[in-house]
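Taking it in order: structure first as structure tokens, then the write-up.
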Amino acid sequence: MTVQIRTAAAADETGWRALWDAYLAFYNVSLDPAITAHTWARILDPASPLTARLGFVDGRMQGFALHHHHASTWVMGEDCYLEDLFVADSARGHGLGRALIDDLKALAKAAGWHRLYWHTDEGNARARALYDSYAPYDGHVRYRITL
């Protein structure tokens, strides 16, 4: 099994959209197609902090890590937020999720960012098993107000 990870390019849209649809289905979420189109446009916009790293297994796109960096009040620098991580069912359990996180850690270190963080659904046991191997659960609870 050969794993390759790279930044998304315009030609990746069809593959990314298929994975994005599977990601939304996993969380039982429906989004307006305009939001998905806007997300893809931001991923490709060099002025946008939103970036996608794509994971390929034997040449086939099987996962993604969508992330962005931002200023922090807790460090003298920036943090990296891993907003969405997804690996296709057929590629789970083979190390692609770990490879995507390790890739993002390396990118963040090279950029001089101070921390990498993310959150997941409390009941996502499989993902949490991977995430717990990086850092312990820190007890934080997320609150979100839709405006």
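We did not get these values from a lab; they are worked out from the coordinates using the rules stated. Everything numeric here is computed off the predicted structure, so don't read it as measured data. For neighbour counting, all protein chains shown are included, and Cβ atoms are generated from backbone atoms with ideal geometry for every residue, glycine included.
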Computed FRET efficiency, Cβ-Cβ of A11 and R126, R0 30 Å: what is it to the nearest 0.05?
0.50
Correct choice for Cα Rg over 2.2 N^0.38 Å that was computed from the model, options (1) 1.17; (2) 1.04; (3) 4.08:
(2)
Per residue of segment 57-64, in order, report the coupling 6.51 cos²θ - 1.76 cosθ + 1.60 (Karplus, θ = phi - 60°) as ³J(HN,Hα) in whole Hz, putting x for Gly and Pro.
10, 6, x, 10, 4, 10, x, 8
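If each residue of separation counts as 0.36 nm, what is the full-extension length gain between R144 and R98 once their alpha-carbon separation is subtracted?
Gain in length upon complete extension: 13.8 nm.
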Taking θ as phi - 60°, what are the ³J(HN,Hα) couplings along segment 25-39 by the Karplus curve (6.51, -1.76, 1.60), each to the nearest whole Hz, with x for Gly and Pro?
5, 4, 8, 6, 10, 10, 10, 4, x, 5, 5, 4, 4, 5, 4
Which residues does a label at H119 reach in segment 26-40, if reach means a backbone N under 18 Å from a point 7 Å past the Cα toward the Cβ?
27-29
Mean residue ellipticity (222 nm) of the chain, computed from DSSP H runs ≥ 4 via -39,500 (n - 2.57), nearest 500
-10500 deg cm²/dmol
If you place +1 on the Cβ of every Lys and Arg and -1 on the Cβ of every Asp and Glu, how big does the dipole about the Cα centre of the chain come out, in debye to the nearest 20?
220 debye
Rounded to whole Hz and in sequence order, give me ³J(HN,Hα) for segment 137-147 from the Karplus expression 6.51 cos²θ - 1.76 cosθ + 1.60, θ = phi - 60°, writing x for Gly and Pro.
4, 9, x, 6, 10, 8, 10, 9, 10, 7, 10
